[in-house]
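Down below is the structure, laid out as structure tokens.
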Amino acid sequence: MASACTHSSICHTSSPHARTAGFKRPNKAERLAAGEPTETRLPEVKCMVDNPEIFPPPLILPGDDLSEDPECPPQSYREWFREEERNPVTTKRRTVYVVPAPIVGDEVSFMTSWSMPRDVGEMPRVHTPKVLDICDYLAAFYHGLPVKALTQSPPEFMSWEESKKSKRAQRNPEYVGLRIADECVGIRTRACPDGVYSRQLNLDDLLDAAISMLPKDAYALVLLTDHDLYEDDEDTFVCGRAYGGSRVAVVSNARYNPDLDALQSVDRLHAWPLSHCAEYISTCCSLSEPKTKRQKKSRPAKAQANQEPSGPNKPSPGPLDIAFSIGRSLTALDWTQESLAALWLGRICRTASHELGHCFGIDHCVYYACCMQGTGSIQEDARQPPYLCPVDQAKLLRATGTTEAQRDRALLSFCERSELRETQFFGPLAAWLHAKSY
């Protein structure tokens, strides 16, 4: 693996694979109309929101979610607003709660080993992201609403069955209990199919348990977990999911551990915004082509990079270009415990904000590269941006009652914390926010 991305060309378009996959992005008029709260078209002066140097289209590399489901329907602002099942924010129900990972009780102390990855060699062990840092990020992302850690009466894993047939069964039970106040909920477990972790917890059971945790003043709640998750027999793993109508989400930090990047083929050096590297996109697309098809071509398909004039007529770089440049400079630095910890925090924050977005009634995005895009793999997850596109931000601003400028300032303030501003996730995001806003 190279020490840093050395390519300078940035792609402001979808990959060549998008057309092969059958993806048809809504056209510019449809995109502008989708973000407009009324039937009136946006004034011409607001057309900058569709600028690909700020909000490029989805990348759509082979295996990505929109590659597998290219006909995923768009959700405009008006469709979101008129959705009967959408939960409105009210004066009595407006707090977003973050529940820390459940405590592992003494009688199931073996579960501690379930949250430790296996066979990762001598790589550095990075500390799990702090709940208060996640809360602070979500408070900025959902600016306008209070975000609180729910630390009173924390949930606790405990034994589900009193009698066991063997010591093996004791350490690998089919169910564990999750105590919530005076209630105990059964959580299914299974062996991890790919062996990255020894055992997984069932996501649906945890989501059902999360519903029982909702305080009366909660708009939504996200339950964090240190354990690997699965949803059904066909899953290898899942990182998170939301019951949007029930206003709950569950997010696991297990697969986002930077110690696992090489094992999971996560290209850390081409994570957002370096996922827009034209050479990287071209390589990903050409490698996926069948040999017979590739042999018919004189050269592999190339991602369309920006063609900028040189000299005095060269335009100023856009927000994505600036974020790209910052990302390149930061990935050239040595990885430290601090920078890896910030990377892990950023990954959790992006997924938690995505899943909570579903609680606000926001569907998967097909208009732009956006935090609300669906994700088809852990590799795609790293390539997606942490920001909201103009369409989904319009929905969120209506729900939270804040403004774009206030929200941008809150996010920028978080990203510019001393321990975060020169790290590979938050540094580029800060640069993008600053260039977009000022």
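Go through segment 389-415 and count every residue that is part of a loop (DSSP other than H, G, I, E, B) and under 20 Å from the mean Cα position of the chain (by Cα). Walk me through how you get there before you give the answer.
Initially, segment 389-415 is screened for residues part of a loop (DSSP other than H, G, I, E, B), giving 389, 401-403.
Filter once more, keeping what is under 20 Å from the mean Cα position of the chain (by Cα): 389.
Residues flagged as part of a loop (DSSP other than H, G, I, E, B) and under 20 Å from the mean Cα position of the chain (by Cα) within segment 389-415 amount to 1.
So in segment 170-205, with the set limited to residues that are charged (D, E, K, R) and within 24 Å of the chain's Cα centre (by Cα), which one is surrounded by the fewest Cβ atoms within 10 Å (Cβ to Cβ)? Working first, answer last.
Of segment 170-205, the ones charged (D, E, K, R) are 171, 174, 179, 182-183, 188, 190, 194, 199, 204-205.
Filter again for within 24 Å of the chain's Cα centre (by Cα), leaving 194, 199, 204-205.
Values: 194: 10, 199: 20, 204: 16, 205: 19.
Among those that are charged (D, E, K, R) and within 24 Å of the chain's Cα centre (by Cα), it is 194.
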Q: Would you list the strands (runs of 3 or more DSSP E) that sit entirely within segment 149-235 and hold 1 or more residues that are under 23 Å from residue 255 (Cβ atoms) and aliphatic (A, V, I, L, M)?
A: 175-180, 183-191, 199-202, 218-225
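Among the candidates 357, 361, which residue alone is touching a strand residue (DSSP E or B) at 6+ places or on another chain (Cβ under 9 Å), farther than 19 Å from residue 4 by Cα and at pLDDT 95 or above? Talk me through it step by step, then tell me what you get.
Working: 361 fails: touching a strand residue (DSSP E or B) at 6+ places or on another chain (Cβ under 9 Å).
The conditions single out 357.
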Q: Kindly indicate whether any position in segment 256-273 is among the hydrophobic types (A, V, I, L, M, F, W, C), crowded, with 24+ Cβ neighbours inside 10 Å, in a helix (DSSP H, G or I) and modelled with pLDDT of 95 or more.
A: no
Q. Residues in segment 360-369: is at least one buried (at least 21 other Cβ atoms within 10 Å of the Cβ), in contact (Cβ under 8 Å) with a residue 60 or more places away in the chain and within 20 Å of residue 237 (Cβ to Cβ)?
A. no
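Looking at residue 424, is it open to solvent by less than 30 Å² (accessible area, probe 1.4 Å), assigned to a loop (DSSP other than H, G, I, E, B) and in contact with a Lys or Arg (Cβ under 9 Å, 6 or more places away or on another chain)? Steps first, please.
On the way: open to solvent by less than 30 Å² (accessible area, probe 1.4 Å): yes; assigned to a loop (DSSP other than H, G, I, E, B): yes; in contact with a Lys or Arg (Cβ under 9 Å, 6 or more places away or on another chain): yes.
So residue 424 passes the test.
If only one of 437, 413, 418, 353 is among the hydroxyl-bearing types (Ser, Thr, Tyr) and under 26 Å from residue 225 (Cβ atoms), which one is it?
On the way: 437 fails: under 26 Å from residue 225 (Cβ atoms); 413 fails: under 26 Å from residue 225 (Cβ atoms); 418 fails: under 26 Å from residue 225 (Cβ atoms).
Testing whether each residue is among the hydroxyl-bearing types (Ser, Thr, Tyr) and under 26 Å from residue 225 (Cβ atoms) leaves just 353.
Among 328, 350, 417, which is the only one that is among the basic types (Lys, Arg) and surrounded by fewer than 19 Cβ atoms within 10 Å (Cβ to Cβ)? If you could, list the steps in order and put the result at the bottom.
Numbers: 328 fails: surrounded by fewer than 19 Cβ atoms within 10 Å (Cβ to Cβ); 350 fails: surrounded by fewer than 19 Cβ atoms within 10 Å (Cβ to Cβ).
Exactly one of 328, 350, 417 is among the basic types (Lys, Arg) and surrounded by fewer than 19 Cβ atoms within 10 Å (Cβ to Cβ), namely 417.
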(Q) The conditions are (1) under 30 Å from residue 95 (Cβ atoms); (2) open to solvent by less than 20 Å² (accessible area, probe 1.4 Å); (3) touching a helix residue (DSSP H, G or I) at 6+ places or on another chain (Cβ under 9 Å); (4) not acidic (Asp, Glu), and residue 281 fails exactly one of them. Which is it? (A) (1)
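The values are calculated or read from the model by the stated rules, or taken from the named source; none is laboratory data. It should be emphasised that the depicted structure is a prediction, and the values quoted were computed from it without experimental measurement. Cβ atoms come from the backbone with ideal geometry, glycine included; neighbour counts cover every protein chain shown. What goes into the accessible areas is simple: the full protein's heavy atoms, side chains included, and nothing from ligands, DNA or RNA. Shrake-Rupley method; radii C 1.70, N 1.55, O 1.52, S 1.80 Å.
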